[in-house]
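J.: Take a look at the following structure, please.
The values are calculated or read from the model by the stated rules, or taken from the named source; none is laboratory data. Bear in mind that the values here come from a model prediction, so they are computed numbers and not experimental data. Note that each Cβ is placed from the backbone with ideal geometry, even for glycine, and that neighbours are counted across all protein chains shown.
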Amino acid sequence: MIWWLLGVAVGVLIWGGIWKSNLPLAFGILLGVLLAWFLSLFIEPYVTGMENIPLWLPPLPLVTVAIILFVYGVVVWFRGNEALSTKKPDEPEQH
């Protein structure tokens, strides 16, 4: 119990330092921890052995990452054309 409390205290201190130096990163960490806690409520019976592990649970992290990367790719595909330069062919190159 004391090691768990010590770990939480160290984590909060590190997170507090990140909050001072990089606010978006600290906010992302906070949202990630809250999301992980919320999702852990659903998989707790499987982890503790109260229920049989369903077939879809082990590959769920890989599938989640693949879907997120696919969505990012689609967003870049459609919005990437706006980031291309609109240089006319008769203009000289600028370095």
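J.: Return the residues of the stretch 63-95 that are modelled with pLDDT of 75 or more and β-branched (Val, Ile, Thr); say none if nothing qualifies.
T.: 63, 64, 65, 67, 68, 71, 74, 75, 76
J.: State all residues of the stretch 15-51 that are surrounded by fewer than 11 Cβ atoms within 10 Å (Cβ to Cβ), of a type outside the set (Gly, Ala, Ser) and either in contact (Cβ under 8 Å) with a residue 24 or more places away in the chain or part of a helix (DSSP H, G or I) (or both); if no residue qualifies, say none.
T.: 20, 23, 24, 31, 34, 35, 37, 38, 41, 42, 48
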